[in-house]
Amino acid sequence: CYMLHVSLWLLYHVGPLAADRGAPNATQSSISALDHAQKEAKVMRPGHIVHIRIDTGHIVPPGRLLSPLKHSTYHSSTWEKQWLHNIQTWQNGSICKVLASQTAQIRAFMNGTCTARTDSPWCLIDDSIRQLWYHTEVGSVQRRRPLGINRVSENAVPVVADDAIWSYFEWTDPETGTLEREYIEPLVSHLRHPLAQCQHGHLFFVDRSYVLPPSKRAKDRKAFLFDAGASSWNNGAGGPSLSYFAAVWKRQGIVWDRVEGWECTVPEAEFYKTVPADWKNKTFYHQQCVSTSPATEPFLPHVIRSRAEREDYVLFKLDIDSKLVETAIVDHLLSDDNDDLSYIDEFVWEHHVDNYLMASAWGRSRDMTKTIADSYKYFLKLRRKGVRAHSWV
């Protein structure tokens with residue numbers, strides 16, 4: 001028990017060591033240990049974290065880190081694994097056809113994105129920009145509130161725990177010896193809402209309901225939002241981002257202490273007119289084009305580490321429709337010659353690649369040297385480094 005206890009403490013504080021988060025053997029062993037532990041107990045806490053108690057027989061040394069995902073192991077869901085194994089083929093015109101054959105997974109996923117329940121089989125899916133109603137039994141979707149609904153619960157972040165659909169991060173709490181999980185949306189389809197451009201016309205084209213926010217554990221930390229591609233608080237080509245992150249993250253008790261945005265073309269006076277009064281003292285906007293290189297300002301990875309500490313909660317959204325700038329920044333974050341990624345908890349990025357479903361919308365902003373499969377690799381690498389990486393719209 002003592003050796004197990006020390007190993008868990010070292011894994012959390014020092015790093016993956018032999019149980020490297022990318023190693024297949026480590027993944028298999030953690031799944032095996034999880035299966036065994038689940039037979040003993042499984043308890044849900046609000047905020048999609050699963051707690052599984054491992055009795056080590058000893059008290060784990062103190063020193064809880066505030067960013068446990070940095071020392072976590074990332075696990076792809078069963079559904080995500082299907083797409084990881086086949087996206088190289090499916091990206092060549094077959095994505096919608098494959099989704100049409102995955103009805104069970106789609107229905108389970110859609111049910112998991114419900115933000116409010118009703119006194120009927122219908123649920124509400126509200127991404128703060130618009131509302132959709134989903135029938136959990138037959139799988140139909142509509143914009144109008146269905147007849148016969150008398151009660152609707154308060155909007156909340158969905159609580160999910162289905163390993164077949166939702167991927168997750170897993171780590172051991174050094175104080176309690178508890179194995180914990182935090183869920184995230186799976187990497188499937190062409191990395192937007194799974195149904196975007198495939199089913200229900202354009203209904204899910206810029207829908208963000210597929211993005212699963214972090215657990216409530218982040219609410220007690222100082223919170224920073226850095227948005228590259230913020231032209232307005234309430235509007236945007238793909239829909240607003242700032243109002244979305246303010247509203248949806250608040251459902252988890254996360255209220256931003258500082259919001260900082262960049263955009264090349266929108267004047268500062270024009271931007272600040274769109275900012276709500278209660279956010280003006282917290283919001284800072286720069287009419288600047290962001291840099292691709294640490295040698296030129298503003299290089300956002302360096303800006304972030306100059307503003308925030310590692311123990312703070314940081315969300316970095318990157319969507320400036322410039323393939324060279326975006327890829328250069330992400331490549332820098334993934335490079336082993338710096339630790340800038342350690343300052344980022346959540347990364348949100350629309351990767352413009354050779355995607356036949358988005359060709360008309362993205363036009364010349366696409367990087368035709370990169371494919372959807374390449375996007376999968378980027379997001380998988382980020383997640384395996386302990387970052388909650390989300391594809392954006």
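The values are calculated or read from the model by the stated rules, or taken from the named source; none is laboratory data. None of the values given here were measured: they were computed from a predicted structure. Neighbour counts are summed over all protein chains in view; Cβ atoms, including those assigned to glycine, are modelled from backbone coordinates with ideal geometry. All accessible areas refer to the heavy atoms of the entire protein, side chains included, with ligands and DNA or RNA removed. Shrake-Rupley method; radii C 1.70, N 1.55, O 1.52, S 1.80 Å.
Any residue in the range 372-388 that is among the hydroxyl-bearing types (Ser, Thr, Tyr) sitting within a Cβ distance under 7 Å of a residue that is open to solvent by 40 Å² or more (accessible area, probe 1.4 Å)? List the pairs, counting only those 6 or more apart or interchain.
Once the first residue is among the hydroxyl-bearing types (Ser, Thr, Tyr) and sits in the range 372-388, its partners that are open to solvent by 40 Å² or more (accessible area, probe 1.4 Å) give Tyr376/Leu84.
Return a yes/no flag: does the range 347-355 have any residue that is β-branched (Val, Ile, Thr) and modelled with pLDDT of 95 or more.
Of the residues in the range 347-355, the ones β-branched (Val, Ile, Thr) are 348, 353.
Subset that is modelled with pLDDT of 95 or more: 348, 353.
Yes: one or more hits.
Could we say that Asn111 is under 21 Å from the mean Cα position of the chain (by Cα) and polar (S, T, N, Q) here? Before you say what the answer is, go through the steps one by one.
Numbers: under 21 Å from the mean Cα position of the chain (by Cα): yes; polar (S, T, N, Q): yes.
Spelling it out, Asn111 is indeed under 21 Å from the mean Cα position of the chain (by Cα) and polar (S, T, N, Q).
When the range 305-344 is examined, which residues are found to be of a type in the set (D, E, K, R), open to solvent by 20 Å² or more (accessible area, probe 1.4 Å) and part of a loop (DSSP other than H, G, I, E, B)?
First, the residues of the range 305-344 that are of a type in the set (D, E, K, R): 305, 307, 309-312, 317, 319, 321, 323, 326, 331, 336-337, 339-340.
Next, from what is left, pick out any that are open to solvent by 20 Å² or more (accessible area, probe 1.4 Å): 305, 307, 309-311, 319, 321, 323, 331, 336-337, 339.
Matches in the range 305-344: Glu309, Arg310, Glu311, Asp319, Asp321, Asp336, Asp337, Asp339.
Please find, within the range 102-128, the residue that is farthest from Trp79 (Cα to Cα) out of those that are without any contact (Cβ under 8 Å) to a residue 24 or more places away in the chain and surrounded by 17 or more Cβ atoms within 10 Å (Cβ to Cβ). Reasoning before the result, please.
Of the range 102-128, the ones without any contact (Cβ under 8 Å) to a residue 24 or more places away in the chain are 102, 104, 121, 123.
Now drop any that are not surrounded by 17 or more Cβ atoms within 10 Å (Cβ to Cβ), which leaves 102, 123.
Details: Gln102: 9, Cys123: 23 Å.
By that ranking, first place goes to Cys123.
Of all the helices (runs of 4 or more DSSP H) wholly in the range 72-135, which have at least 2 residues that are among the small types (Gly, Ala, Ser)? Quick ask: steps written out before the conclusion?
Values: elements: 78-90, 95-100, 103-112.
Filter on the range 72-135 gives 103-112.
Output the number of residues of the range 160-219 satisfying the condition of being touching a Ser or Thr at 6+ places or on another chain (Cβ under 8 Å), over 27 Å from Ser140 (Cβ atoms) and part of a loop (DSSP other than H, G, I, E, B).
Here the count works out to 1.
Give the residues of the range 372-393 that are within 11 Å of the chain's Cα centre (by Cα) and among the basic types (Lys, Arg), sorted by residue number. Step through it out loud before you land on a result.
Looking only at the range 372-393, we keep the residues that are within 11 Å of the chain's Cα centre (by Cα), and these are 379, 382-383, 387-392.
Arg383, Arg388, listed by residue number.
Show the residue pairs that are 6+ apart or on different chains and have beta-carbon atoms under 7 Å apart, the first residue being within the range 142-166 and within 23 Å of Ala246 (Cα to Cα), the second being at pLDDT 95 or above and open to solvent by 40 Å² or more (accessible area, probe 1.4 Å).
Ser153/Arg117; Asn155/Arg251; Ala156/Arg251; Val157/Arg251
Take the conditions open to solvent by 20 Å² or more (accessible area, probe 1.4 Å) and either farther than 30 Å from Lys70 by Cα or touching a strand residue (DSSP E or B) at 6+ places or on another chain (Cβ under 7 Å) (or both) and apply them to Arg181. Does it pass? I'd like the intermediate steps shown before the answer.
Numbers: open to solvent by 20 Å² or more (accessible area, probe 1.4 Å): no; either farther than 30 Å from Lys70 by Cα or touching a strand residue (DSSP E or B) at 6+ places or on another chain (Cβ under 7 Å) (or both): yes.
The answer is no for Arg181.
So that you can scan it fast, the table gives a plain yes or no per residue for (1) open to solvent by less than 40 Å² (accessible area, probe 1.4 Å); (2) assigned to a helix (DSSP H, G or I):
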| site | (1), (2) |
| --- | --- |
| Gly238 | yes, no |
| Phe245 | yes, yes |
| Trp249 | yes, yes |
| Glu260 | yes, no |
| Phe271 | yes, yes |
| Asn281 | no, no |
| Ser291 | yes, no |
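Looking only at the range 326-361, how many residues end up being over 23 Å from Leu212 (Cα atoms) and touching a Pro at 6+ places or on another chain (Cβ under 9 Å)?
Total satisfying the criteria: 4.
For the range 312-338, how many residues are in contact with a strand residue (DSSP E or B) (Cβ under 6 Å, 6 or more places away or on another chain) and hydroxyl-bearing (Ser, Thr, Tyr)?
Number of matching residues: 1.
Inside the range 293-302, can you point out the residues that are in a loop (DSSP other than H, G, I, E, B) and open to solvent by 60 Å² or more (accessible area, probe 1.4 Å)?
So the first thing to find is which residues in the range 293-302 are in a loop (DSSP other than H, G, I, E, B), and the list is 293-299.
Scanning the range 293-302 gives Pro294, Ala295, Thr296, Glu297.
Condition first: open to solvent by 10 Å² or more (accessible area, probe 1.4 Å), outside any helix (DSSP H, G or I) and out of contact with any Lys or Arg (no Cβ under 6 Å at 6 or more places or on another chain). Now tell me which residues in the range 355-378 satisfy that. Give the steps one after another, and end with the answer.
Step one: of the range 355-378, the residues open to solvent by 10 Å² or more (accessible area, probe 1.4 Å) are 356-357, 359-371, 374, 377-378.
If we keep only those that are outside any helix (DSSP H, G or I) too, we end up with 356-357, 366-371.
Scanning the range 355-378 gives Tyr356, Leu357, Arg366, Met368, Thr369, Lys370, Thr371.
Do you know which residues across the range 186-205 are over 18 Å from the mean Cα position of the chain (by Cα) and under 18 Å from Arg107 (Cβ atoms)?
Matches in the range 186-205: Cys198, Gln199, His200, Leu203.
Tell me the residue from Thr176, Thr172 that is crowded, with 21+ Cβ neighbours inside 10 Å and more than 22 Å from Asp312 (Cβ to Cβ), please. Please lay out each step first, then the result.
Details: Thr176 fails: crowded, with 21+ Cβ neighbours inside 10 Å.
The conditions single out Thr172.
Just a yes or no: is a residue in the range 191-212 more than 29 Å from Trp262 (Cα to Cα), open to solvent by 10 Å² or more (accessible area, probe 1.4 Å) and free of Cβ contacts under 8 Å to residues at least 60 places away in the same chain?
Checked the range 191-212: at least one residue is more than 29 Å from Trp262 (Cα to Cα), open to solvent by 10 Å² or more (accessible area, probe 1.4 Å) and free of Cβ contacts under 8 Å to residues at least 60 places away in the same chain.
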